[in-house]
Amino acid sequence: MPNQKPLLPDAARRTAAWCGVLLLVTAVAAVVVWLSVYLKTAVTPVLLALLGTALLGPVHRWLTAHHVQRSLSAGLTCAALVAVVGGAGYIVVTALIDTGGQIVDSLKDAGQWVIDHFDLAGQASVDNLAGNAKNLVEKFGATAAGGVITGLSLIGTLIATAVLALLLTFFFLRDSDRAVRLAHALAPHGSGDLVEAMGRRAFEAVEGFMRGTTFIALIDAICITVGLLILRVPGAVGLGALVFVGAYIPYLGAFLSGAVAVLVALADRGFVIALWALGVVLAVQVLEGHVLQPMIQSRTVRMHPAVILIVLTAGASVAGILGMLLAVPLCAAAFGVIEELRLRNTAPSAQPPTENGPA
C-alpha cells in the first residue's frame, strides 16, 4: 500500500501533542488543588508538618549522627521547636500588645495627615470613618456576637491544627529513613530512582527556603528595629516583630510592614524622620536582595520575583493568608522537581559517544 500523507504537518502535530500534555497537567493540578481545598482540615497540618520537618531536619540529622536514638532525637527536636516558636511567638505578641495602641494611633494620625495635605478633608475624615465603624458595630451587634463565637471556634481549630502538625512533624522526623523505601515501593517499575531523586530535590528546595527565610527575616527585623530605635520611632519593637512575621511572605510582606513603619514615623516624628525611616527600610531591602539572599539561598531554587508575585496571588485566592505562606515553598519544591527532570534529560546528551564503543 502506498504511504498515506499525514493529515496535518509535523509542526502542527507536535503543537497539538504539547497542548494535550499541558491540558492534562493543568487538569491534574486543578484536581489536586480542589482536593486540597476540600480536605484542607487534613491537608493543612500535613503541609505545615513538612515545612517544620524541612526547618528542623539539620538538627535531627546532627543528633542522629551523634548516636542519639531516632525517636529521642525527634522528640528533642520537636521540643526545641515548641520552645523556639513559643518564645518567638511570645515576644512578637507581647511587642504587638505593648505597642499596638501606639501603632494604631500613629496610623490614624498618618491617615489624617494625608487627608489634610491632599485636600481630602471634605470627602473623608478618619474620625468619620471611626464613627461609621462604631455605628456599624452597634447596628449589627448580633452579627458581632456571632463573630465572637466564630472566632473562638477558629482559635480551637488553630490549636488542633498546630498540635496535629507537631505530631506529624515528630513522625516525619523519626521515620524519614523509611521515605526512600516507601518511594521505591509506590513508584512504577523501574522509576524508583527517579522518584527518589525528585523527592530529594524538592525537599532540599523547601529545606533551603525555610532556613534561609527564617535567617533573613531575623536579620531584617533586627536591622529595622535598630534603625527605628535610633530614629526614636514609637513602637519600634512591635514594628520589628511585624517585619519578622511579614518576611515569610516574600516581597509583599516586606512592603506592607515597611509601609506601616514609615507611616508611624510620619505621624509621630514628622516628614524628615519618615524619609529617614524609608531610607532604613530601603537599605535593609537592598541588603537582603543583593547580599543576604544570594549568600544564604544560593544552593536552593531561586525564582524570579514576577513568578513569586504570581504564586502569592494564586495562593491568596485559594487559601488566603495560609495560601500565601505555603505558596512559595510549594512552588520552590515544584521548581526543584523540574530542575531534576531537566538535568536527567540533558545528562545523556552531554556525554559524547566514544569511537570504540562502550568499555
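Spin-label pair residue 162-residue 42: with each label point 7 Å from Cα along the Cα-Cβ axis, the two points sit 2.5 nm from one another.
For the peptides 198-211, 236-249, 216-229, the ranking by mean Cβ contacts within 10 Å, running from highest to lowest, is 236-249, 198-211, 216-229. Here r is the Cβ-Cβ distance between residue 7 and residue 345 and R0 is 45 Å; the resulting FRET efficiency, rounded to 0.05, is 0.90. Ordering 317, 36, 73 by accessible surface, largest first, gives 317, 36, 73; the 1.4 Å probe counts only protein heavy atoms, with every chain in place. Summing Lys and Arg as +1 and Asp and Glu as -1 over all other residues whose Cβ lies under 15 Å from the Cβ of residue 169 gives a net charge of +1. At the residue level, residue 155 shows approximately 90 square angstrom of accessible surface with a 1.4 angstrom probe and all protein chains present. The stretch 220-295 and the stretch 178-193 have their alpha-carbon centroids 47 Å apart. Please check which bits of the stretch 186-204 a label hung off residue 17 would reach, taking the label as a point 7 Å along Cα-to-C-beta and the cut-off as backbone N under 12 Å. It comes to no residues whatsoever.
Full extension of the chain segment joining residue 65 with residue 27 gains 9.4 nm, where the gain is 0.36 nm per residue of separation less the Cα-Cα distance.
The values are calculated or read from the model by the stated rules, or taken from the named source; none is laboratory data. Being a predicted model, the structure only gives us computed values, none of them experimental. FYI the Cβ positions are ideal-geometry reconstructions off the backbone, even for glycines, and counts take in every protein chain you see. Note: areas computed on protein heavy atoms with side chains; ligands, DNA, RNA excluded. Shrake-Rupley method; radii C 1.70, N 1.55, O 1.52, S 1.80 Å.
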